[in-house]
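> Quick one: the structure is below, questions incoming.
Bear in mind these aren't lab numbers, they're just calculated from the coordinates by the rules spelled out. The shown structure was predicted, so the numbers you read here are calculated from the model rather than taken from an experiment. Using ideal geometry, Cβ is built from the backbone for each residue, glycine included, and neighbour counts are taken over all protein chains shown.
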């Protein structure tokens, strides 16, 4: 018996493989706004971590707020504001990354005890 054409199962499997490949390529080639926002927020958080760790390594008690200015490769203007609060023996540094002077991402804290 000669086989002419394709069975329904072969067509469905081929269609599923092509659809899956197309979805993966479209997600890679066309970035959604949600993906871009997640990358931007992650960049701000990492930038805040770097400056917060650098500031807390000095272990200097300062009363003024410190602002670090950074421009990324995409042209976004970042300001990381480091604020320090003291409550008894506890000293906390707070980093607030601000993008383009209007958009803030997560706030990070680093606290230590003792003087």
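> Regarding the stretch 10-33, can at least one residue be identified that is within 15 Å of the chain's Cα centre (by Cα) and in a helix (DSSP H, G or I)?
The answer is yes; a qualifying residue exists.
> State all residues of the stretch 61-93 that are in contact (Cβ under 8 Å) with a residue 24 or more places away in the chain and either assigned to a loop (DSSP other than H, G, I, E, B) or over 13 Å from residue 43 (Cβ atoms) (or both); if no residue qualifies, say none.
The answer is 61, 72, 76, 82, 86, 89, 91, 93.
> Which residues, counting only those in the stretch 1-59, are within 20 Å of residue 78 (Cβ to Cβ) and either loosely packed, with under 10 Cβ neighbours inside 10 Å or in contact (Cβ under 8 Å) with a residue 60 or more places away in the chain (or both)? Walk me through it before giving the result.
Keep residues of the stretch 1-59 that are within 20 Å of residue 78 (Cβ to Cβ), which gives 33, 35-56.
Residues satisfying the conditions are 33, 40, 41, 44, 45, 48.
Condition check ((1) closer than 18 Å to residue 49 by Cβ; (2) surrounded by fewer than 17 Cβ atoms within 10 Å (Cβ to Cβ)) across all residues:
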| position | (1), (2) |
| --- | --- |
| 66 | yes, yes |
| 69 | yes, yes |
| 74 | no, yes |
| 83 | yes, yes |
| 99 | yes, no |
| 102 | no, yes |
| 106 | yes, yes |
| 109 | yes, yes |
| 113 | no, yes |
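> Output the number of residues of the stretch 101-114 satisfying the condition of being in contact with a strand residue (DSSP E or B) (Cβ under 9 Å, 6 or more places away or on another chain), within 14 Å of residue 81 (Cβ to Cβ) and not in a strand (DSSP E or B).
4
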